[in-house]
Amino acid sequence: MELNDTNLQNLTEFLRKTLDPNPAVRRPAEKFLESVEANQNYSILLLTLLEKSQDSVIRVCAAVTFKNYIKRNWRIIEDEPNKISDADRATIKGNIVNLMLTSPEQIQKQLSDAISIIGREDFPQKWPDLLTEMVTRFQNRDFHIINGVLRTAHSLFKRYRHEFKSNELWMEIKLVLDTFAQPLTVLFKDTIDLCQTHASDINALKILFSSLTLIAKLFYSLNFQDLPEFFEDNMETWMSNFHNLLTLDNKLLQTDDEEEAGLLELLKSQICDNAALYAQKYDEEFQPYLPRFVTAIWNLLVTTGQEVKYDLLVSNAIQFLASVCERPHYKNLFEDQNVLTSICEKVIVPNMEFRSADEEAFEDNSEEYIRRDLEGSDIDTRRRAACDLVRGLCKFFEGPVTTIFSGYVNSMLAEYAKNPGVNWKHKDAAIYLVTSLASKAQTQKHGITQANELVNLNEFFVNHILMDLKSPNINEFPVLKADAIKYVMIFRSQLPKEHLLQAIPLLVAHLEAESTVEHTYAAHALERLFTMRGPDNSTLITPAEVAPFTEQLLNNLFKALALPGSSENEYIMKAIMRSFSLLQEVIVPYVPTLIGQLTHKLLLVSKNPSKPHFNHYLFESLCLSVRITCKSNPAIVGSFEEALFPVFTEILQNDVQEFVPYVFQVMSLLLEIHSSSIPSSYMALFPHLLQPVLWERTGNIPPLVRLLQAYLLKGGATIASNAADKIPGLLGVFQKLLASKANDHQGFYLLNSIIEHMPPESITQYRKQIFILLFQRLQGSKTTKFVKSFLVFISLYCVKYGAIALQEILDGIQSKMFGMVLEKVVIPELQKVSGQVEKKICAVGITKVLTECPSMMDTEYTKLWAPLLQALIGLFELPEDDSIPDDEHFIDIEDTAGYQTAFSQLAFAGKKEHDPIGDSVSNPKILLAQSLHKLSTACPGRVPSMLSTSLNAEALQFLQGYLQAASVQLV
C-alpha cells in the first residue's frame, strides 16, 4: 500500500463504515481492513490519519484501530507469518513516542497503550533508546507531555507487579531504575514545589495532581519486586512527601460530585497502597515511618464521609490497616482493648453498612453488583476491605474481636426485629459481619473451608437465614433474600447435608424472583451445591434427592432467562448445564422441549455474541442434551441434527468467529454418535472444511482436526470412493499443521486417522511424500513434541501396514534410512513417549519391527535388534523421560497474541480416548513374549544367543517375567 492521498481517502471511508451501527455496512468494512492489514505501510497510513486527518472522529478511530492492530500483530510467533514488515516496525518505533506526546489526550491514551504493547515485546533489547527518549521529555516543563510520558511508563512498568521473579526481569528493572529512578524523584520534588507555587490555581493543580498520582503509581510498580537501593537511600524524600500529601486538604480540589473520586482522593488512595506495600514487604526499613502513617490514615478514616467518591480511598486505607495488623512486628499497636473497640466501632461497622448507593447498584446495576459481590472483584469496596480487616485482626485477637462483634450482631438483629420493614439494613450488616467473622479460608470450589469456631454457623442458619429463604413472598426484602442465599452458598461446606437439602427447593423457588441479583444468586447457589462431592467422590446431592423438584427446577431456570436483565445470564446458563450433568437420564423426557429453547437462544446470541461465559455454557448444555439422550437411544441423533443444523448453517455462513469452533465440536459429537456411514448432509460440508481460510484462525484448528477425524472414523471408505479428489486437500491440511511447532501434534492426529481409517490403496501414491515431509521437519526443527508424535506415527504405520512395509518405504526414500531412523530416533527417544494409548501403539509397532521384519535378523540392521528390544523394555519399565532440551521452548497453543478467538474446549463434547489397537492386544508385554517365542521357533537358537550377548541383566530379568506370564519360552 503506497503512502498516497488515494489510499488515505479509501482508508478514511472504510474506518467511517466500521463505526456504522448497521452490521451489513460495518462487517464488510471490518473484513476489508483485516484483509489489507498485512500490507506494508498499512500501519503507517493509520498513523498518518491519526496525526493529520481533519475529522476528529476519524483520528480517534484510526488510533483505536492502530492500537488493536499492534495488539494482534506485533508479537512475532514462530512458524507464523510476520504481519508487520521490519521497515514498518522501525518507522513506528521511530515516530510513535513523539506522536503520542503531541496528540490530544484521547489519542495519547491509545498510543500510550500501543507503546506499552510494543515495549512488552521489544523493550529493552530491541528498543534500547525508549526510556532515554522518554526521560529527556521531563526537562520540557509542559505537563501535557510529562503526563504522556508518565502514563506510558505506568502502562509499561505495571506488569512488574505480577511477573514472576527471574534474572531477566531483574536485569530489566535494574536498567529501568538506573535510567528512571533519579529523574522521577527530581520530578516528584519539583511537582510538589509547583503545587505550592500554584496552590490557588485550580487548572494548574488538576494537571499537577494527576502527575503526582501517576508518579505514586510508578513508585508502587518499581518497588513491588524488591526494595531498590535507590529508593531505600531516598526513602526520607519519598515518605515524608507522601505523608504530607496524605494530610493535605486543598479546598480547590474538593469536588461536588458524590460518585466520582476527585484527584485528591485518587492520589491519597495510591499513597495508602504504597504505604501498605512497604509495611508488608519492607517492614524493617519502613519501621521509622510507620507510626506517623498509621496516625494519618486513622485520622483519614474517621474523618472521611460515606459518599461513593471516597470508596477507593477508604478501602485502600482500611487495607493498609489490615496489612499492618497481620504482621507480628506491629501486633503491639492493636493489643489494647480500647483500640480494638475503637477500630470496630469507628472503622469496621460504619463501612459494613448497606448504603443507598449500594441499594441503587443492587437494583439498577445488578451486573456490576454481582461482579463485585460474588466474583471477588470488590477489592475496592468498603465492605471487602472491612471484611479483610476483621480477618487480619482475628489472626492475633480472635477472642476479643469475636466478643466485640457478637454484641454488635445481637443489637443489629434486635433493631431489625423491632421493625423489619424499616430496619432491614441492620440485618444485612449483621449477616455480613457474621460472614466476615466466620470466614478464615475460602476457595472458589468449596466456599468457606475453614471457619471461626467461636461462631455457630448452624444456629445462625436455623434462627436467622432459613426464615428469609422460607418467606412466601420471594420479592419482599430482596437484599436480605440475596444475603440468605449467599450464606448457604459460601458456608455450603460447613453446613450439614440436611440443611442443604432443605435449602434446594427454596432456592428453586427464588429463581422466579424479580430481582436480578436474587435469582442470579439462587442459580449460582444451586450450581455450586450440585458440584459438591461426597466422601466417595460422587456428587453430595444425588439425582434421586433432586428428582421431586426436577420439573420445577428446569422450568424456573429457563423462565429466569426470560426475566428482564437476565437474557444472557451466565450463572443461570451454568446452573442449567450443571443440572443436566447431575440429573443425567432424568432429563430425557424434557429434552425435546428444552432443545428448542436452547437452539432459539443460540440463534439470538449468535447475532451479536457478547457474553463468552454464557455462550460457552450454552454449548455445553447442548452437548449434554445430545450425549445423555443418545446414550440410551443413538438413533435419535437425527432429530438433534434437524434442530441444530439450521442454526449452525447460519453461524458458519455469517462466519460468527466466536461460535465456529464450538459448532465444529458439537458436529464432531453428533457425527461420532452415528453408527453407520457418514450422512450426506455431512459429506456436502466436507470440501468446505478443507478451505485454507478456516485454518488461518488458531482457535479453529483443534475442533476442525477433531471433526475431520470423526469424518475419517465414520467414513474413510466413503471419502475414498466419493471424494477421492479431496484427499490431496486433506493432506494439504496435514502439511500446513506439520510446519507449525504449535500445531504439529494436531497434524499427527489427522495423519494417524488417515492411516487408520482410509483404505490402504487410496493413499498409496501419497505415502512416500508424507514421509519426506516428516523427515524434512525432523531435520529442520526437531522438538520433543514432534519426536513423540513421530514415534507414535511410525509405530501405527507398522501396526497397520506391517513392519516390512515400513522398512521398504524408508529404504526406498534413501538407502539404509530404516536403520538410521531406528538408531538416531527410535532407540534414543522412545523413553519420551507418554500416554497409555501412545505407549501401547509404540510397543505393538516395535514388537512387529523386532519379530516380523526379516532384515532385522539377516542384514547390517541386526546390530540394532538388541538395543531396540532394550529400548522397548525401557518403555515398559522405566519412568517416562520428560526432560526437554534447554534450547527448546514450547509455544503454548493458547499463547497466541490478542484478538483471535482462542479455542475453548467443551468439556461435555470431549471424545473418548481412541485406541486404534483395541482389544486385539490387551497386554503388550504378553504380545512381545508371544512374538519372540514365534520368532525363536522360526529360527531356533538365534534369539537366546542375541539376548545373552547384548541385553543387560535387568532387562533380561524383566523379559523372563513376560515369558513366564505368557507361559512360553524361547528355543
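At-a-glance table
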read-out: Set Gln735, Gln776: member being of a type in the set (S, T, N, Q), part of a helix (DSSP H, G or I) and free of Cβ contacts under 8 Å to residues at least 24 places away in the same chain; value: Gln776
read-out: Cβ-Cβ under 7 Å pairs, at least 6 apart or on other chains, the stretch 499-519 side open to solvent by less than 30 Å² (accessible area, probe 1.4 Å), far side assigned to a helix (DSSP H, G or I) and acidic (Asp, Glu); value: His510/Glu518
read-out: Of all residues making up the stretch 520-549, the number that are outside any helix (DSSP H, G or I) and open to solvent by 40 Å² or more (accessible area, probe 1.4 Å); value: 6
read-out: Candidates Leu252, Leu208, Leu222 - the one that is in contact with a Leu (Cβ under 9 Å, 6 or more places away or on another chain) and open to solvent by 20 Å² or more (accessible area, probe 1.4 Å); value: Leu252
read-out: From Phe903, Phe890, Phe876, residue being surrounded by 13 or more Cβ atoms within 10 Å (Cβ to Cβ), assigned to a loop (DSSP other than H, G, I, E, B) and either of a type in the set (Phe, Trp, Tyr) or modelled with pLDDT of 95 or more (or both); value: Phe903
read-out: Failed criterion for Val591 (all others in (1) touching a Leu at 6+ places or on another chain (Cβ under 8 Å); (2) crowded, with 16+ Cβ neighbours inside 10 Å; (3) outside any loop (DSSP other than H, G, I, E, B); (4) not basic (Lys, Arg) hold); value: (1)
read-out: Answer from Glu236, Glu326, Glu232 - the residue that is touching a Lys or Arg at 6+ places or on another chain (Cβ under 6 Å), at negative phi and open to solvent by 50 Å² or more (accessible area, probe 1.4 Å); value: Glu326
read-out: Within the stretch 217-327, helices (runs of 4 or more DSSP H) holding 1 or more residues that are at pLDDT 95 or above and basic (Lys, Arg); value: 263-281
read-out: Members of the stretch 607-622 that are open to solvent by 10 Å² or more (accessible area, probe 1.4 Å) and of a type in the set (S, T, N, Q); value: Asn608, Ser610
read-out: Any hit, the stretch 666-687, residues being touching a residue at least 60 places away in the same chain (Cβ under 8 Å), within 28 Å of Met758 (Cα to Cα), in contact with a helix residue (DSSP H, G or I) (Cβ under 9 Å, 6 or more places away or on another chain) and of a type in the set (Asp, Glu); value: yes
read-out: Number of positions in the stretch 1-27 that are surrounded by 12 or more Cβ atoms within 10 Å (Cβ to Cβ) and more than 19 Å from Val64 (Cβ to Cβ); value: 2
read-out: Residues that are in contact (Cβ under 8 Å) with a residue 60 or more places away in the chain and surrounded by 12 or more Cβ atoms within 10 Å (Cβ to Cβ), drawn from the stretch 935-953; value: Leu935, Cys939, Arg942, Met946, Leu947, Ser950, Leu951
read-out: Residue, nearest to Arg120 (Cα to Cα), within the stretch 160-181, restricted to residues that are among the basic types (Lys, Arg) and in contact (Cβ under 8 Å) with a residue 40 or more places away in the chain; value: Arg161
read-out: Count of residues meeting criterion [assigned to a helix (DSSP H, G or I) and open to solvent by 40 Å² or more (accessible area, probe 1.4 Å)] in the stretch 357-387; value: 9
read-out: All positions within the stretch 609-640 that are in a helix (DSSP H, G or I) and farther than 18 Å from Val588 by Cβ; value: Pro612, His613, Phe614, Asn615, His616, Tyr617, Leu618, Phe619
read-out: Subset tally (residues that are among the polar types (S, T, N, Q) and in a loop (DSSP other than H, G, I, E, B)) for the stretch 485-509; value: 2
read-out: Tally, over the stretch 820-873, of residues that are open to solvent by 10 Å² or more (accessible area, probe 1.4 Å), of a type in the set (S, T, N, Q), closer than 25 Å to Thr784 by Cβ and out of contact with any Gly (no Cβ under 9 Å at 6 or more places or on another chain); value: 3
read-out: Residue identified as closer than 18 Å to Ile107 by Cα and either of a type in the set (A, V, I, L, M) or touching a Phe, Trp or Tyr at 6+ places or on another chain (Cβ under 9 Å) (or both) among Ala62, Ala38; value: Ala62
read-out: Residue in the stretch 709-717 that is under 20 Å from Val833 (Cβ atoms) and over 32 Å from the mean Cα position of the chain (by Cα) present; value: no
read-out: Hey, Leu822 at pLDDT 95 or above and farther than 21 Å from Pro759 by Cα or not; value: yes
read-out: Boolean, Ser753 is polar (S, T, N, Q), under 19 Å from Trp695 (Cβ atoms) and touching a Phe, Trp or Tyr at 6+ places or on another chain (Cβ under 7 Å); value: no
read-out: Some residue of the stretch 29-49 being modelled with pLDDT of 90 or more, β-branched (Val, Ile, Thr), in a helix (DSSP H, G or I) and touching a Ser or Thr at 6+ places or on another chain (Cβ under 8 Å); value: yes
read-out: Exclusive hit being over 20 Å from Tyr160 (Cα atoms), open to solvent by less than 50 Å² (accessible area, probe 1.4 Å) and either touching a Gly at 6+ places or on another chain (Cβ under 8 Å) or not hydroxyl-bearing (Ser, Thr, Tyr) (or both), set Ala279, Ala216, Ala261; value: Ala261
read-out: Yes/no for Leu671 being touching a Phe, Trp or Tyr at 6+ places or on another chain (Cβ under 9 Å), assigned to a helix (DSSP H, G or I) and under 29 Å from Lys768 (Cβ atoms); value: no
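So that you can scan it fast, the table gives a plain yes or no per residue for (1) touching a Phe, Trp or Tyr at 6+ places or on another chain (Cβ under 8 Å); (2) part of a helix (DSSP H, G or I):
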site	(1), (2)
Ser677	no, no
Tyr682	yes, yes
Pro687	no, yes
Val693	no, yes
Ile701	yes, yes
Leu704	yes, yes
Gln709	yes, yes
Leu713	no, yes
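The values are calculated or read from the model by the stated rules, or taken from the named source; none is laboratory data. Quick caveat: nothing in here was measured; it's all calculated off a predicted structure. A quick note on method: Cβ atoms are made from the backbone with ideal geometry, for glycine too, and the neighbour counts reach across all protein chains shown. Note: areas computed on protein heavy atoms with side chains; ligands, DNA, RNA excluded. Shrake-Rupley method; radii C 1.70, N 1.55, O 1.52, S 1.80 Å.
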